[in-house]
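The values are calculated or read from the model by the stated rules, or taken from the named source; none is laboratory data. Model, not experiment: these values are computed from the prediction. Every residue, glycine among them, receives a Cβ derived from its backbone with ideal geometry; neighbour counts consider all protein chains shown. Just the protein is used for accessible areas: all its heavy atoms, side chains included, with ligands, DNA and RNA removed. Shrake-Rupley method; radii C 1.70, N 1.55, O 1.52, S 1.80 Å.
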Amino acid sequence: MSVELSVVVPVYNEEESVPELYRRLTEVLSGTVRSYEIVLVDDGSRDRSWALIKDLAARDARVKGVSFSRNFGHQMAFTAGLDHVEGDAVVIMDADLQDPPELIPELVARWREGYDVAYAVRAKREGETFFKLVTAAVFYRLLQRVTNVSIPVDTGDFRLMSRKAADAFRRLSEHHRFTRGMVSWLGFRQIGVPYLRAARHAGETKYPLGKMLRLASDGITSFSYLPLQLASWLGVVVCAAAVVALAAVLILKATGSTLAWTWVAASGLALLGGIQLIAVGLLGEYVGRVFDEVRGRPLYLVQETVGMIGGQRSAPPPITV
Ligand code: UDP
Ligand code: MG
């Protein structure tokens, strides 16, 4: 029997949330669609998450599991999930119940109306730290300004994709993945659905500052060349400033000023050195990513699957729209 809706959930040390996630998902899904599957992607958890997933899969044939050989990250887990599902539509969401399963019927309704992507927009967020709220708000607005693809603000990865959009997404093979931007890039018919983002069900965030910054820089470098262009603009500004400074120095010299010229020159050089290093660093961000693409390693490695009959879907066919 064909599967109408697949739900993909990355799981990283979420033993406290998995049972409740399963309970709420099954409750909502059974009343929403004809048939469904839940694909839980274990991203190298070190707690009992994978044992719980295997246990659920043994009891319920609609639950399937993929386990990575190590921690490859949230974004790769979405990718692996999309590679293993067969639904006519796919929902991707977090395991910690910050993305409420109860919104799925609304996403499905938009899909039935003919939309290819229904993304959940965070109208309000509960239980987040002040720091997270501020950095997220600033980041989404910065991203909106610098990118050449229109990525909706205050929108995470929680969304529904039609089979057509999911297959198109699977053809994007980049290693540094920023799912919400990549889905925006696809185009098709997309619509936002507002919701209240709940607090984490249990446990702590699995996105420490380092991972958050990496995701943010993947988002910017994947969709904008602005940081590279910044170096040219800074160069123009510094050159103009240097011309003005030179003129000022000559005038002061002619009037016999006794300013400490060596200090002025040394601090000017240090400023310039700093600007150059920042520009090289930004360049490095892009060069490193190019290197990752050229090496062409697989995006992720699977250690084990449960409940899968077909395993990984074959590569999606070329798009015909
Ligand atoms: N996650 C993952 N791999 C990671 C980090 C997180 O699969 O390396 C999963 C995590 O289990 C959760 C989702 O990604 O389902 C979002 O993580 P989290 O809720 O910790 O992020 P936050 O909501 O705090 O930004
Ligand atoms: Mg969360």
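Please build a GNM for the chain, connecting alpha carbons under 10 Å apart, and tell me which residue among S30, S232, S257 fluctuates the most. Maximum among the listed residues: S257. When the accessible area of the chain is split by element with a 1.4 Å probe, what percent falls to carbon and sulfur? Carbon-and-sulfur percentage of accessible area, whole number: 63. Give the shape of the stretch 28-158 as rounded, prolate or oblate, defined through the alpha-carbon gyration tensor: a ≥ b ≥ c are the square roots of its eigenvalues, a/c under 1.5 means rounded, and otherwise the shape is prolate if a/b is larger than b/c and oblate if not. Oblate, because a/c is 1.5 or more while a/b does not exceed b/c. Cβ-Cβ distance of L230 and T258, R₀ of 30 Å, FRET efficiency by 1/(1 + (r/R0)^6): the value works out to about 0.20. Over all other residues within a Cβ to Cβ distance under 12 Å of Y115, the charged ones net out to +2, with Lys and Arg as +1 and Asp and Glu as -1. If you wrap the stretch 249-307 in the convex hull of its Cα atoms and look at it from every side, the mean projected area works out to 7.9 nm². A convex hull fitted around the alpha carbon atoms of the chain yields 167 Å³ per residue. How many angstrom separate the Cα center of the stretch 68-138 from the Cα center of the stretch 179-255? Between the Cα centre of the stretch 68-138 and that of the stretch 179-255, the gap is 24 Å. Note on the stretch 204-244: along the principal axes its Cα atoms extend 54, 19, 7 Å, ordered by decreasing extent.
Taking label points 7 Å from Cα along the Cα-to-Cβ direction, R295 and R214 give a separation of 1.2 nm. Working from label points 7 Å from Cα in the Cα-to-Cβ sense, the A245 to Q276 distance is 1.3 nm.
Rg and Dmax over the alpha-carbon atoms of the stretch 105-229 stand at 15.0, 44 Å. For a paramagnetic label modelled on R189 (point 7 Å from Cα along Cα→Cβ), amide N atoms under 15 Å away belong, within the stretch 139-178, to 161-165.
Amide H contacts of S35 (H built 1.01 Å from N, in plane; Pro and chain starts excluded): E4, L5 sit under 5 Å, all sequence-distant by 5 or more or on other chains.
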